[in-house]
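Notes to accompany the following structure.
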Amino acid sequence: MNIFVVMKRTFDTEEKVEIKDGRVDEEGAEFVINPYDEYAIEEAIVLKEANDGEVTVVTVGDEEAEKELRTALAMGADKAVLLDTEDLDDEVDHYTISEMLAAYFKNQEFDIILGGNVAVDDGAGQVAPRLAELLDINQLTTITKLDIDGTKATVERDVEGDVEVVETELPLLVTCQQGLNEPRYPSLPGIMKAKKKPLETLDLDDLDLDEDELEAKTKTVDRFLPPEKQAGKKLDGEPAEQVEELIKLLRTEAKVI
Amino acid sequence: MSKNVLVLAEAKDGELRNVSFEVVAAGKKIAGEGSVKALLVGESVASFSEQLIQQGADEVLVAEHSDLKTYTTDAYKQVLLQVIESESPDALLIPHTSSGKDLAPRLAAKLSSGLVSDVVDIEEVGEEVIFTRPIYSGKAFEKKSVSSGLVFATVRPNNIPALEVDSSRSGETKDVSVDLKDLRTVIKDIVKKTSGKVDLAEAKVIVAGGRGVKSADGFKPLEELADILGGAVGASRGACDAEYCDYSLQIGQTGKVVTPELYIAVGISGAIQHLAGMSNSKVIVAINKDEEAPIFDVADYGLVGDLFDILPILTEEFKKVKAGA
């Protein structure tokens, strides 16, 4: 079975976000594998263990992303591929990224592609469905259970709290939702092995792509922080007194009830 | 300026979701002298047409088919592509809901179009439509535009106010014949866990619990309070990890990002990831026995004390308020 994971290097969710010169300041920030992509990597490894085959993790970015690719290899993926954006302009968007991924996948044989349902930095969740469309394969998003039997996939999806049970055929792209599994931590032997596993870097030439074809379709005109929330009032007294005061404030001051 | 705007309305459990009216209102903002057409997709949805017109749609298109009863990517994509082909809209707005998130990027890829996801505000600067959207789950925001071609965005529920109902408005309703083929997803079952409950993304009031709630049973008083307020129950990651409740209730940077009118955080300490998911709520109330909990830094009103003492009293008092006392 040929199993692929598309993943993204993101800001650690512990990080505070600062804006500097219209950009998110990355100076000194910790980076991690996007938490939703960790579910995808874990599920890919589970699939490999059950069905035999190979797990390849793919990301789009610069050489900094090699660290997160190595982490995925340490978790148990077999191969890693970095699609290098070095030749591109500053502004890349979901169009750019998905076109690069599609160019890569057009030369691969794949049964299933897994990804996170959203990246915690940008929060758009566009790349995976775009990729499925470009490859003309079916997609199932926000999955919480995956069973594969031959070429048949039975999947549970989280649809705003309800569970949808669906069937479809491979090849398939899925995006992973919390609750699917519990991602493993890389083991020490895993980390040692990862150093020797193949990590391939492909640039635009390798993908037979031209910079002009990849120009972003959207542009960002501003980035800013929300107004800082001021700590409000702590109410005094016994529970009953606090509640009475709260109700009064919600009615007269906040006017929400 | 004038643009012809197509918006996708969404029905759930036999009712139009409120976000349908919000995308119509959003469409109005960019239409100028142009028109807003609303598209209804489903098995039997034509009866919603009137409501959409009364809340701002100039025309309603109805695509009905037995294979459209429940959303699937292939079927809805085919409907949208057929309607886009025949209507050639200048702008397309889709709700940023479970189905909208699944559908919009696929359409954008098919149309080689830009797409701005999860929009909370829209403004016009000259001829350009500028969308505001949260990044890092609301720790920051960005303003984006689509560089050329179709102006395409998904709109987050609960942010762009719907227009007032105007029962004097009239407009045409047109049936769209749809041709569906090669549907690859077969729906076997839908397990309703949220029947009769308010959806978190659209809730005006959210009562959320954290580790301080201590058990699955501990969520019962929160549910009672949410019921009284017509709201939804949410949770912190801590509460979900401890299996007090389902992950579908999780609010935060992993989980849902919510912006209700009133957010009541109960026994939630306020980790930065949780704050990212709720701190843009209009009014925040925190109940926690730890006076130093970071949740108090973002709360408009803080109640320091044992949640199990406070909640029952709060629920009783809200009952009186709702009864008009």
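The values are calculated or read from the model by the stated rules, or taken from the named source; none is laboratory data. Bear in mind that the values here come from a model prediction, so they are computed numbers and not experimental data. Here Cβ is always computed from backbone atoms with ideal geometry, including for glycine, and neighbour counts include all displayed protein chains. All accessible areas refer to the heavy atoms of the entire protein, side chains included, with ligands and DNA or RNA removed. Shrake-Rupley method; radii C 1.70, N 1.55, O 1.52, S 1.80 Å.
Computed over protein heavy atoms with a 1.4 Å probe, the carbon and sulfur contribution to the accessible area of the range A:163-244 reaches 48%. Using the Cβ of B:Tyr247 as centre and a radius below 11 Å, the other residues enclosed give a net charge of -2, where K and R count +1 and D and E count -1. Taken per residue, the accessible surface of the range A:1-127 reaches 40 Å², heavy atoms only and a 1.4 Å probe. Applying a DSSP loop filter and a limit of 10 other Cβ atoms within 10 Å to the GluC sites (Glu not before Pro) in the range A:150-257 leaves A:Glu228. When DSSP beta bridges are restricted to pairs lying wholly in chain B, around 25% turn out antiparallel.
Burial here means at least 50 square angstrom less accessible surface with every protein chain in place than with the chain by itself, probed at 1.4 Å; in the range A:1-31 the buried residues are A:Thr13, A:Val17.
Computed from the alpha carbon atoms alone, the convex hull of the protein assembly as shown holds 157 Å³ per residue. Checking every one of the trypsin sites (Lys or Arg not before Pro) in the range A:162-257 against DSSP loop status and a limit of 14 other Cβ atoms within 10 Å picks out A:Lys195, A:Lys196, A:Lys255. Summarising the label geometry, the points placed 7 Å from Cα in the beta-carbon direction at B:Glu50 and A:Ile191 lie 6.7 nm from one another. Taking the Cα atoms only, what angle lies between the long axis of helix A:239-252 and the longest principal axis of chain A, rounded to 10 degrees? The answer is roughly 80 degrees. In the full protein context, the range A:165-257 carries 62 Å² of accessible surface per residue, based on a 1.4 Å probe and ignoring ligands, DNA and RNA.
Its alpha carbons give chain B an Rg and a Dmax of 21.1, 61 Å. From the C-alpha coordinates alone, can you work out the Kirkwood hydrodynamic radius of the range A:97-181, in Å? That comes to 13.2 Å for the range A:97-181. The gain in end-to-end length when the A:Gln230 to A:Glu64 segment is fully stretched comes to 56.1 nm, 0.36 nm per residue minus the alpha carbon separation.
Of the GluC sites (Glu not before Pro) found in the range A:2-52, those in coil by DSSP whose Cβ has at most 15 other Cβ atoms within 10 Å are A:Glu14, A:Glu18, A:Glu26, A:Glu27, A:Glu30. If you take all other residues with their beta carbon under 11 Å from the beta carbon of B:Leu103, and give Lys and Arg +1 and Asp and Glu -1, the sum is 0. Over the range A:2-214, what is the percentage of antiparallel beta bridges among all DSSP beta bridges, to the nearest 5? Expressed as a percentage, antiparallel bridges in the range A:2-214 total about 40. Estimated purely from DSSP H runs of n ≥ 4, each contributing -39500 (n - 2.57), the mean residue ellipticity at 222 nm for chain B is -8000 deg cm²/dmol once divided by its residues.
Of the peptides A:173-181, B:288-296, the ranking by mean beta-carbon count within 10 Å, highest at the top, reads A:173-181, B:288-296. A simple count of charges around B:Gln55, restricted to other residues whose Cβ falls under 12 Å of its Cβ and scoring Lys, Arg +1 and Asp, Glu -1, yields -3. Residues of the range A:163-190 whose accessible area, computed with a 1.4 Å probe over protein heavy atoms, drops by at least 50 Å² once all protein chains are present relative to their chain alone are A:Val163, A:Glu164, A:Val165, A:Glu167, A:Gln178. Expressed to the nearest 5 percent, the antiparallel share of DSSP beta bridges inside the protein assembly as shown is 35 percent. Cross-link check: pairs B:Lys37/B:Lys101; A:Lys16/A:Lys196; B:Lys77/B:Lys192; B:Lys69/B:Lys197; B:Lys143/B:Lys197 evaluated at a Cα-Cα cut-off of 27 Å; pairs beyond the cut-off: A:Lys16/A:Lys196; B:Lys143/B:Lys197. The accessible-area loss of the range B:133-149 on complex formation, taken against its chain alone with a 1.4 Å probe, reaches 50 Å² or more at B:Tyr136, B:Lys139, B:Phe141, B:Lys143, B:Lys144, B:Ser147. In summary, the convex hull built on the alpha carbon positions of the range B:1-141 has an orientation-averaged projected area of 8.5 nm². Stretching B:Thr70 away from B:Val186 to a fully extended chain increases their span by 40.7 nm, per 0.36 nm per residue minus the current alpha-carbon distance. Taking the accessible area of the range A:1-67, probe 1.4 Å, and keeping the other protein chains in place, the carbon and sulfur fraction comes to 35%.
The contact between chain A and chain B removes approximately 7100 Å² from the accessible area (both sides summed; 1.4 Å probe; ligands, DNA and RNA excluded). Helix A:94-105 axis versus longest C-alpha principal axis of chain A: approximately 30°, rounded to the nearest ten. Within the accessible surface of the range B:5-130, defined with a 1.4 Å probe on protein heavy atoms only, the carbon and sulfur portion equals 41 percent. Listed by chain and number, the lysines placed with their C-alpha closer than 19 angstrom to that of A:Lys234 are A:Lys248, A:Lys255, B:Lys282, B:Lys289; residues fewer than eight positions away on the same chain are left out. Its Cα gyration tensor gives the range A:135-240 an equivalent ellipsoid. The semi-axes, each the square root of 5 times an eigenvalue, are 38, 28, 22 Å from largest down.
Solvent exposure of the range B:18-161 amounts to 29 Å² per residue of accessible area, where only protein heavy atoms count and the probe is 1.4 Å. Pairwise inverse Cα distances across the range A:2-214, averaged and inverted, put the Kirkwood hydrodynamic radius at 17.6 Å.
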